[in-house]
1. Can you tell me which residue within the stretch 65-82, out of those that are surrounded by fewer than 23 Cβ atoms within 10 Å (Cβ to Cβ) and assigned to a loop (DSSP other than H, G, I, E, B), is modelled with the highest pLDDT?
2. Only residues that are touching a strand residue (DSSP E or B) at 6+ places or on another chain (Cβ under 9 Å) and within 18 Å of residue 149 (Cα to Cα): list them for the stretch 65-83, please.
3. Scan the stretch 104-119 for residues that are over 12 Å from residue 80 (Cβ atoms), modelled with pLDDT of 95 or more and assigned to a loop (DSSP other than H, G, I, E, B) and jot them down.
């Protein structure tokens, strides 16, 4: 299961290139965890329940968790900070060729990581591997983390129905925030609407599209009846 749907994940533990860690930001000088303590280690009935517990803990302490480098056949998944890893410059952009300049980067190479392993009883056990964050302070708002703004299938279907009922994006946003996820943003709603429209268009056959179009474009003027514009 891909909780973040990112295009890039860091390599499994032990395969990272060696190098100095990014310098940590320390707004909590007397706290070894810099205000971001790790979730309690424990045993969970399945991986989604384990991730839910990690996310609820992380949300309260200004960070978010995602899975990476999973091997379900072996019963192993790695949980990392969503600010871990590095961006890959696929297009070989430079400061001169980059169009969007002065953008802050979410990925800062944070080393925080835990391991989730399935035991003989079929339960998943969470064990910390690197319990301290580095390179970033705690977030002041959960909306900074895409993984904390995700919507489940039930929420997506509710949004689809609301759009079909001609609800405005603002009304859909209020619905999703009140009933499903308070951290959803307006941009998430617009992205979701576009995704729903693409999915519905893919399901619609050419014949249905023509029928829908003719239903909308039949002239109402009696002098023009019988004429259909395509």
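1. So the residue we want is 75.
2. Let us first name the residues in the stretch 65-83 that are touching a strand residue (DSSP E or B) at 6+ places or on another chain (Cβ under 9 Å), namely 65-72, 74-82.
Those that are touching a strand residue (DSSP E or B) at 6+ places or on another chain (Cβ under 9 Å) and within 18 Å of residue 149 (Cα to Cα): 65, 66, 67, 79, 80, 81, 82.
3. 119
The values are calculated or read from the model by the stated rules, or taken from the named source; none is laboratory data. Since the model is a prediction, treat every value here as computed from it, not as a measurement. Ideal geometry is used to build each Cβ from the backbone, glycine not excepted, and the neighbour counts take in all protein chains shown.
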